[in-house]
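Q: Below is one structure. I have some questions about it.
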Amino acid sequence: MRIILIGYGVVGQSLTDIFLQRKIENLRNYGFNPKVVAITDRGGAAINIKGLDLKRIQSIKKREGTVAADSVFGHRQMSGQDIIQSIEAEIMIEATSTNITTGEPGISNIKTAFNTGKHVVTTNKGPLALSFPTLIELAEHNKVLLRFSGTVGGGTPILEFAKKCLEGDRIKEIHGILNGTTNYILTEMAEKKVTFEKALESAQKLGYAETNPAMDIDGLDSAAKVVIIGNWIMNKKFTLKDVDIIGIRDITLNALEIASKKGKRIKLIGSIDGKPTVAPKEIERNDPLCVNGVLNAVTFVSEYAGRETIIGRGAGGIETASAVLRDLLDIKHHLANKILS
Amino acid sequence: MKIIVMKFGGTSIGTGENIRNVANIVRNSSKKGDKVVVVVSALAGVTNQLIHEAEELTKGKEGRIQEFVKELTEKHLQTIDIAIENKKLKEETKHSAKKIIEELEKILIGICYVGELTLKTKDQVLSFGERLAALIVSATLRDYNLESQYFTGKEAGIVTDSKFGEANPLMNFTTHQVIERIKPLLKKNVVPVITGFIVANQDGVLTTLGRGGSDYTATILGVALDVDEVWIWTDVDGIMTSDPKIILDAKTLTGLSYGEAAEMAIFGAKAMHPRALEPVIKKHIPVRIRNVFNPKNHGTLISEGAKVESKEVVKAIALITDVSMINIRGAGMVGAPGSYAKIFRILGKNNINVMMVSTAVSEANISIIIRNNQLERAMSTLEIALLGRDLANKITSEDDVCVIAAMGANMKGSLGVASRIFSAVAKKKINIHMIAQGSSELNISFVVKERDGPIAVSAIHEEFNLNK
Ligand SMILES: NC(=O)c1ccc[n+]([C@@H]2O[C@H](COP(=O)([O-])OP(=O)(O)OC[C@H]3O[C@@H](n4cnc5c(N)ncnc54)[C@H](OP(=O)(O)O)[C@@H]3O)[C@@H](O)[C@H]2O)c1
């Protein structure tokens, strides 16, 4: 299966790690033979229609900062768009940085992929948060698949759990801790009684939070995930602008203290219960949703099955890459059935 | 007196001098009392220029039309200058050429504004290359004091279905019209010059014949007029025993059966497209491949009787490069009905053309030869569809191979040919990777490493004394 990988950061490189480590095993068990024919980053692209040597590309990326530095296969002038337009492949993986205001370059990359008949796996939430209904419609129109397991819950199969395990049931409400960074900060503040600023600093030191942490602490990352869950699982058509969002900047130690006295915790909760919201809320300490540290948790309230909670690490390069691998296998099965039908 | 359809391709009429040469050839036949119907392609290179230009224009670059038109006009006017001596005729022809190009210009502007190029429009654009060529060749014949008139394939009466880009002739309708329109001219000693490739559907909308092109026009006219022979004039002496670039002493074949010629065309010998042979096969009209630059040579005659005359078992050897071999292995294919059919369906759905197949049921193995430029798509599709579901457990490919095809009608039922071929190759210590015999039994083809190809070809060439 020929793959174009757009964006070669933490997630992209973790994915090539997985391909290198599990190649033979994958082949045997799943009949899946990934061939990465092009990789791009901000510096340009590396292309080999016979399949790139991933070891070589990894070391060039580490040494030179861009895959385009490859003396044989590198192309400094070529953008992701050029690649998706001109290179034949079954799949485009979109793993560029999230831009929550414009969705670019992700949205254009995905549209071009659809247009040229490529299936898409994205870990980038931006395009989905801003135009989920449009992208789904375009995928169907072009008869290609769009998969995005890595956007919610990292390696934890939150979307698949709801979609497959609760099939047939009617999910009425969803509540979740959807962002590891903010959960870490709130946990630090509550347990170690440190200020918001201190906790944020420590999250940044550990590599949980970005240098510009706004997307996390202002609740945008959680809201993007609410959009994805709401559209995909509950079939509600809405985008980021329809979500009411409050972040955690104004949470004081005092507020945490008061909650604690009542046997409760303050968590940044994304909910779809009528109107989609993201806001800090008090929840019972023994509620299964009440997880600590960088963990994520989501509770599905459904008509017959009742409350189900799924807990796991919400992010991380290798975890997210493993979700991409699941999506790739899912697409491979779909394609195989389609080709043979 | 014979009636002969003569087709001249792009190189034969590539320059003014060449067109005079063509006129001379036609005059010589006329002098002998033969009646000639001429079919022409566009001047060398023009068809590709037209397609390229039309495609570029869909991107809306109107500015380039002027330059292109200027270039095209110059090319044709220069050709006219050299081809035609008579002053008055020269000016008349130039005037007509300009008028035709003006018409083209309007269509090009249209494409530019609409921003798209349908197959229908593309056929229209393409037609101008042949129309200009027919005009010039016909005028040159007049310059040689022959009576001549030029026609588009449509005006000559050829009618096709509406499959733009690859139309099929409606033979009965066509015959009726061609007899009505062209036959009377022959009686009056007029040489009709007809555009190859360009024809029209029953509503008069232009279509093109696609693969087979101008040769196809020539054979259609040949059948419609029930001619004695169709001559395809080209720039080689005829069909050769092998590619002269590989085998220096390759010889021109004097006679071939229709089946042999079709087989060779499939294997890429510089001959006619099998589609163009279809009409004449049914009517047993002989086709002769001849060299415009060496008209003394009688060329290769393709006819029904040819195979009986010759004694050689292997007549020609083709080397086909730029191919790849795919091997599919898997116990799941043994005795599983339809598993090979599945493979072909998968490839067919993805527009991948299978050139050669061989299977070894005992080893649960199938080998397939395809074009190199389709390898990546083929591999990816096969892997997705077959791996991991008990159908195949290993799919591999080699892109450094070539196919060698030994052909000849007398190979049918003749024992020992294969063993002679393979031992000739084995003597050169060349490993054979795959063998197949087509159902026509007119060829044996096999696969070797690309670097061994020329040596294997010359070993067989020698074994069957093809240079003698
Ligand atoms: N890391 C996680 O745990 C995680 C989890 C879930 C989802 N995600 C999402 O997955 C995506 C990738 O994450 P990441 O951690 O791998 O991010 P990252 O390390 O910042 O990598 C982003 C990659 O995209 C490239 N890029 C950025 N802007 C680009 C542009 N305009 N054109 C072309 N390439 C561009 C970067 O190029 P350079 O290498 O040249 O800078 C880099 O290779 C993000 O959208 C992220 O939100 C990440």
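Q: Give the stretch A:169-190 a look and list any residue that's in a helix (DSSP H, G or I) and touching a residue at least 40 places away in the same chain (Cβ under 8 Å), or say none. Spell out how you get there, then give the answer.
A: Restricting attention to the stretch A:169-190, the residues satisfying the condition of being in a helix (DSSP H, G or I) are A:180-190.
Matches in the stretch A:169-190: A:GLY180, A:THR181, A:THR182, A:ASN183, A:TYR184, A:ILE185, A:LEU186, A:THR187, A:MET189, A:ALA190.
Q: Can you name every one of the strands (runs of 3 or more DSSP E) wholly within the stretch B:195-238 that holds 2 or more residues which are among the polar types (S, T, N, Q)?
A: Working: elements: B:198-201, B:206-208, B:229-234.
Because the criterion is at least 2 residues that are among the polar types (S, T, N, Q), the strands (runs of 3 or more DSSP E) in the stretch B:195-238 that meet it are B:206-208.
Q: Considering only residues of the stretch A:17-70 that are acidic (Asp, Glu) and open to solvent by 20 Å² or more (accessible area, probe 1.4 Å), which is nearest to the other protein chains (Cβ to nearest Cβ)? Can you show your working first?
A: We begin by selecting, within the stretch A:17-70, every residue acidic (Asp, Glu); these are A:17, A:25, A:41, A:53, A:64, A:70.
This time we only want the ones that are open to solvent by 20 Å² or more (accessible area, probe 1.4 Å), so: A:17, A:25, A:41, A:53, A:64.
Working: A:ASP17: 22, A:GLU25: 12, A:ASP41: 23, A:ASP53: 16, A:GLU64: 27 Å.
Ranking the candidates gives A:GLU25 first.
Q: Any residue in the stretch A:72-87 that is touching a helix residue (DSSP H, G or I) at 6+ places or on another chain (Cβ under 9 Å), assigned to a loop (DSSP other than H, G, I, E, B), closer than 20 Å to A:THR320 by Cβ and modelled with pLDDT of 95 or more?
A: The answer is no; no qualifying residue exists.
Q: Against the conditions (1) closer than 16 Å to A:LEU128 by Cβ; (2) part of a loop (DSSP other than H, G, I, E, B), where does A:ASN286 fall short? Just the number, please.
A: (1)
Q: Evaluate the stretch A:113-135: report whether one residue or more is within 9 Å of the ligand (Cβ to nearest atom), open to solvent by 50 Å² or more (accessible area, probe 1.4 Å) and assigned by TED's automatic domain parsing to the domain that holds A:ALA38.
A: There is no residue in the stretch A:113-135 that is within 9 Å of the ligand (Cβ to nearest atom), open to solvent by 50 Å² or more (accessible area, probe 1.4 Å) and assigned by TED's automatic domain parsing to the domain that holds A:ALA38.
Q: Let me ask something else. Suppose the filter is within 16 Å of the ligand (Cβ to nearest atom) and in contact with a His (Cβ under 8 Å, 6 or more places away or on another chain); does A:VAL324 pass it?
A: no
Q: Would you call A:THR182 of a type in the set (Ser, Thr, Tyr), over 30 Å from A:TYR304 (Cα atoms), in contact with a Leu (Cβ under 9 Å, 6 or more places away or on another chain) and open to solvent by less than 20 Å² (accessible area, probe 1.4 Å)? Step through it out loud before you land on a result.
A: Details: of a type in the set (Ser, Thr, Tyr): yes; over 30 Å from A:TYR304 (Cα atoms): yes; in contact with a Leu (Cβ under 9 Å, 6 or more places away or on another chain): yes; open to solvent by less than 20 Å² (accessible area, probe 1.4 Å): yes.
When the stated conditions are applied, A:THR182 passes them.
Conditions tested, residue by residue: (1) outside any strand (DSSP E or B); (2) open to solvent by 40 Å² or more (accessible area, probe 1.4 Å); (3) not assigned by TED's automatic domain parsing to the domain that holds B:ILE25.
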{"residue": "B:GLU260", "(1), (2), (3)": "yes, no, yes"}
{"residue": "B:GLU278", "(1), (2), (3)": "yes, yes, yes"}
{"residue": "B:ILE289", "(1), (2), (3)": "no, no, yes"}
{"residue": "B:PHE293", "(1), (2), (3)": "yes, yes, yes"}
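Q: Ok, one more. Please go through the stretch A:85-98 and pick out each residue that is buried (at least 17 other Cβ atoms within 10 Å of the Cβ) and within 12 Å of the ligand (Cβ to nearest atom).
A: Filtering the stretch A:85-98 for residues buried (at least 17 other Cβ atoms within 10 Å of the Cβ) gives A:87, A:89-96, A:98.
Once the filter is applied, which keeps residues that are buried (at least 17 other Cβ atoms within 10 Å of the Cβ) and within 12 Å of the ligand (Cβ to nearest atom), the stretch A:85-98 yields A:ILE93, A:GLU94, A:ALA95, A:THR96, A:THR98.
Q: To continue, here is another question. Restricting the search to the stretch A:59-71, which residues are more than 24 Å from B:MET379 (Cβ to Cβ) and either more than 8 Å from the ligand (Cβ to nearest atom) or not in a loop (DSSP other than H, G, I, E, B) (or both)? Please lay out each step first, then the result.
A: We begin by selecting, within the stretch A:59-71, every residue more than 24 Å from B:MET379 (Cβ to Cβ); these are A:59-66, A:68-69, A:71.
Once the filter is applied, which keeps residues that are more than 24 Å from B:MET379 (Cβ to Cβ) and either more than 8 Å from the ligand (Cβ to nearest atom) or not in a loop (DSSP other than H, G, I, E, B) (or both), the stretch A:59-71 yields A:SER59, A:ILE60, A:LYS61, A:LYS62, A:ARG63, A:GLU64, A:ALA68, A:ALA69, A:SER71.
Q: Next question, about the same structure. Collect the residues in the stretch B:363-377 that are farther than 16 Å from B:ALA392 by Cβ and without any contact (Cβ under 8 Å) to a residue 60 or more places away in the chain, keeping them in residue-number order.
A: Once the filter is applied, which keeps residues that are farther than 16 Å from B:ALA392 by Cβ and without any contact (Cβ under 8 Å) to a residue 60 or more places away in the chain, the stretch B:363-377 yields B:ILE370, B:ARG371, B:ASN372, B:ASN373, B:GLN374, B:LEU375, B:GLU376, B:ARG377.
The values are calculated or read from the model by the stated rules, or taken from the named source; none is laboratory data. All values reported here derive from a predicted model rather than from experimental measurement. So basically every Cβ, Gly included, is an ideal-geometry build from the backbone, and we count neighbours across all protein chains shown. Just so you know, the surface numbers come from the protein's heavy atoms only, side chains and all, with ligands and any DNA or RNA stripped out. Shrake-Rupley method; radii C 1.70, N 1.55, O 1.52, S 1.80 Å.
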